[in-house]
Amino acid sequence: MSTGPNACRLEGRHAVVTGAGSGIGRAIAHRLASEGARVSLMGRRALALEETAAGAAGTFAILPCDVRDADGTRAAMAAAAAAHGPIHVAVANAGAGGPNGPGFQPGDQPDRFDDLVATNLAGTYHTFRGALDHLAEDGGASRHLVAVASILARIGVMGYTGYCASKAGVTGLCRAFAAELAPRDIQVNAVAPGWVETEMAWEGLDGMATGLGITRDDALALAMNDVPLGRMGQPEEIAGMVAWLVSADARGVTGQTLDMNGGAFML
């Protein structure tokens, strides 16, 4: 458990994190636990969730589920509430990336549009609806739904119609939920990362390198040309933003998409 200034900021609260087995989801789970939250870890790979739980101090429950499955997600939320009590925070982080459509996948594999939308957009919806069934009755700044979107919710990329559309849909979903839940004093927001050093990001860079016939390092340098700060973000930085959003410091912030992309997209 953290001994820093925010060590007890989330004391007594229960947070659910989907896609918690790696990358941004793992970092979010660790950060929320370090601030005192009891954390339920959800994802498709039980072993990866176990590794997340073993990687930090805290109180964790491991609940494998696939957010594409509405009934399974609802059941996992019920199990989370049984393990750790009513839910205060639900972070819809589980997602799938990569291109879709003929001509943009090796060997002209089947179009992945439906799966990308089912995971990224419908999965976020299932996560939020499932969490709402077991949300704590506490008022104030204690109840939050947070989605992890993407810079590709803001811009278009050739071959990424499924990913761009699904992540743009996530931001619209959050705005609608924010309006719907404001009378209950529940805050709903999204975080939209740019390049973040995760396995998914490196897969994207490797695909870029292959397509352009360049090295991975050259692909990284090319990608950073469009990032004013000139660096990839770290999962822990996204986790810090999520921790702030679900704290009392972010009271009054709802229906927003907060961009963390090194300046690659500016409103």
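The values are calculated or read from the model by the stated rules, or taken from the named source; none is laboratory data. This one's a predicted model, so the numbers in the text were calculated from it and none came from an experiment. Cβ atoms come from the backbone with ideal geometry, glycine included; neighbour counts cover every protein chain shown.
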Can you tell me which residue within the range 180-233, out of those that are β-branched (Val, Ile, Thr) and more than 24 Å from the chain's Cα centre (by Cα), is surrounded by the fewest Cβ atoms within 10 Å (Cβ to Cβ)?
THR215
What are the residues in the range 50-69 that are of a type in the set (Gly, Ala, Ser), surrounded by fewer than 16 Cβ atoms within 10 Å (Cβ to Cβ) and not in a loop (DSSP other than H, G, I, E, B), if any?
ALA54
Give the range 209-267 a look and list any residue that's part of a helix (DSSP H, G or I), in contact (Cβ under 8 Å) with a residue 60 or more places away in the chain and closer than 19 Å to SER150 by Cβ, or say none.
PRO235, GLU236, ILE238, ALA239, GLY240, VAL242, LEU245
If I filter the range 130-169 down to residues being in a loop (DSSP other than H, G, I, E, B) and of a type in the set (Lys, Arg), which single residue comes out as surrounded by the most Cβ atoms within 10 Å (Cβ to Cβ)?
ARG143
Considering only the range 108-121, I want to know if a residue exists there that is assigned by TED's automatic domain parsing to the domain that holds PRO183, surrounded by fewer than 18 Cβ atoms within 10 Å (Cβ to Cβ) and polar (S, T, N, Q).
yes
In this structure, is THR127 hydroxyl-bearing (Ser, Thr, Tyr), in contact with a strand residue (DSSP E or B) (Cβ under 9 Å, 6 or more places away or on another chain), assigned by TED's automatic domain parsing to the domain that holds GLY43 and outside any loop (DSSP other than H, G, I, E, B)?
yes
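So that you can scan it fast, the table gives a plain yes or no per residue for (1) of a type in the set (Asp, Glu); (2) in a loop (DSSP other than H, G, I, E, B); (3) surrounded by 23 or more Cβ atoms within 10 Å (Cβ to Cβ); (4) within 18 Å of the chain's Cα centre (by Cα):
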| site | (1), (2), (3), (4) |
| --- | --- |
| ALA15 | no, no, yes, yes |
| ALA29 | no, no, yes, yes |
| ALA48 | no, no, no, yes |
| ALA75 | no, no, no, no |
Return yes or no: is ASP115 among the acidic types (Asp, Glu) and part of a loop (DSSP other than H, G, I, E, B)?
no
